[in-house]
Structure formats: structure tokens, C-alpha cells
Amino acid sequence: MSSDAALPTFRLDAGTSIAQAEPWLTAAVTLDSPALAVMTDLTLVKAATTAPATTLVQAEQLMIYLGVRMLFVVSAMPAIEGLITTTDLRGDKPMRVVADRHLHYDELTVGDVMTPLATLDAVDHARMKTARVGQLVATLQRFGRNHLLVVEAATATTPRRVRGVVSRSQIERQLGQAIEVTPIASSFSEIERALV
């Protein structure tokens with residue numbers, strides 16, 4: 001057959017179904033399970049991203065479409081500028097920006113409310129190899145976060161890079177129980193706002 005010949009086709013019968021992906025990392029775990037069992041490995045799963053100029057409404061629709069609660073904020077791949085989560089979309093941060101800048105909610109962008117890279121908590125990938133799920137839960141609780149980034153150290157040929165994400169909701173699904181995480185203010189301005 002020549003390289004430009006059309007492929008043979010056929011008609012589909014009733015009852016033909018769509019192949020579905022296997023659920024990702026849904027095996028049950030315990031607090032003593034290896035931490036890597038609950039990490040989303042970005043070398044195996046494409047990172048969900050959005051741009052700083054994306055509106056909050058568009059970001060929420062993207063999260064729903066992709067079935068995620070967090071998006072990496074990037075202007076030029078693969079450099080990360082920050083994260084946007086469902087908490088950022090629905091929390092008081094958007095309303096403060098609306099009030100401070102005299103805008104409408106529909107005018108807000110991801111860049112207005114994202115968590116900047118410099119304020120994100122990360123765990124070293126090398127430590128994850130020996131850590132346990134219980135340690136991840138304790139870390140999420142200590143910092144009052146729903147997500148932790150897992151970062152690989154720079155090498156002679158590659159820069160430091162985010163290798164994975166640990167999400168409270170993923171751990172909860174795999175543990176089969178809820179994890180209580182209380183948000184903690186990470187700056188004086190957040191403490192001041194909480195007191196007002």
C-alpha cells in the first residue's frame with residue numbers, strides 16, 4: 001500500500017462504547033503508605049495551566065472541564081508564575097480586589113487573585129521518596145494548605161522544576177476519610193484582613 005493511500009473504514013454497530021482512562025492513583029492508602037502513592041507526577045500527567053490574563057469565570061470553567069481544583073499560572077511554558085485554586089476563586093480575595101479597585105467580578109483575572117510563586121509551599125522530591133502519607137497530611141495541616149508542590153532539585157543540565165502536586169482532595173479520596181485543614185495567614189496583610 002502506498003503512503004498516501006486511504007485507510008479502509010467500516011461502520012459502527014449499536015453498543016459500541018468509548019474507551020475510558022483508568023482512574024488515576026485511586027488505590028486505597030493509609031497514613032503509613034509511601035507519600036509518592038498520593039502525588040500527581042507531572043512527568044506522567046500533563047499539568048493543567050492557565051494564563052494570568054484569563055478571567056476568573058474562564059478559569060473556573062477550565063477547572064470544571066479538566067476536573068481539577070488548581071491550575072498552574074504560566075505566561076510562557078514551562079516557567080510558573082503562581083497557582084490559582086478554587087479557594088482563590090471563591091474566597092474573599094476576589095471581593096477585596098473588587099472593592100479595592102472598583103471593578104466588577106467579571107473583570108477580574110487570574111493574575112489579580114493567584115497565589116504568587118514566591119509564597120507557595122514546596123516539598124523536595126528526594127524527601128518524598130522516603131516520606132509517608134501521614135507526613136504529607138501533617139504538612140498540609142501545618143501550613144493550612146490544600147496543595148503542596150513537589151520540586152526536583154536543579155542539575156547540571158536542568159533547572160529546578162515542579163515534578164508533582166500533592167492535593168488534599170486526592171489524599172482524602174485515597175484514604176477514604178476527610179482531612180481537616182485550617183487556613184493559616186501567611187503574611188501580616190492577611191492577618192490584618194482577618195481581624196477587620
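Please treat every number below as a calculation from the coordinates, not as lab data. Nothing here was measured: the structure is a model prediction, and the numbers come from that model. FYI the Cβ positions are ideal-geometry reconstructions off the backbone, even for glycines, and counts take in every protein chain you see.
Return the inverse of the average 1/r over all pairs of distinct C-alpha atoms in the chain, which is the Kirkwood hydrodynamic radius, in Å to one decimal.
Details: mean 1/r = 0.0520 Å⁻¹.
Averaging 1/r across every pair of different Cα atoms and inverting gives 19.2 Å.
Fully extended, how many nm does the chain gain between Glu180 and Met77 (0.36 nm per residue separation, minus their Cα-Cα distance)? Numbers along the way, then the final one.
Working: separation 103, 0.36 × 103 = 37.08 nm, distance 3.39 nm.
So the chain would gain 33.7 nm between Glu180 and Met77.
Can you run phi through the Karplus equation (6.51, -1.76, 1.60; θ = phi - 60°) for region 46-53 and list ³J(HN,Hα) in whole Hz, with x for Gly and Pro?
Values, residue by residue: 5, 5, 7, 10, 8, 9, x, 7 Hz.
Charges only on Cβ, +1 for Lys and Arg, -1 for Asp and Glu: so what's the dipole of the chain about the Cα centre, in debye to the nearest 20?
Approximately 440 debye in magnitude.
Which whole-number percent is the relative contact order of the chain (Cα, under 8 Å, 6+ apart)? Intermediate results must be reported in sequence, preceding the final value.
Values: 262 pairs, mean separation 47.3, N = 196.
Dividing the mean separation by the residue count of the chain yields 24 percent.
Farthest toward the dipole's positive end in region 35-185, which of Gly111, Met70, Met39, given Cβ charges of +1 (Lys, Arg) and -1 (Asp, Glu) about the Cα centre?
Of Gly111, Met70, Met39, it is Met39.
So what's the angle, to the nearest 10 degrees on a 0 to 90 scale, between helix 133-143 and the longest Cα principal axis of the chain?
40
Once R0 is set to 41 Å, what does the formula 1/(1 + (r/R0)^6) return for the Cβ-Cβ distance between Glu60 and Ala6, expressed as a FRET efficiency to the nearest 0.05?
Details: r = 43 Å, r/R0 = 1.05.
Plugging the Cβ-Cβ distance into 1/(1 + (r/R0)^6) gives 0.45.
Pull out the extension gain between Leu103 and Ser169, defined as 0.36 nm times the separation in residues minus the alpha carbon to alpha carbon distance; nm, one decimal.
Net length gain for the segment: 20.5 nm.
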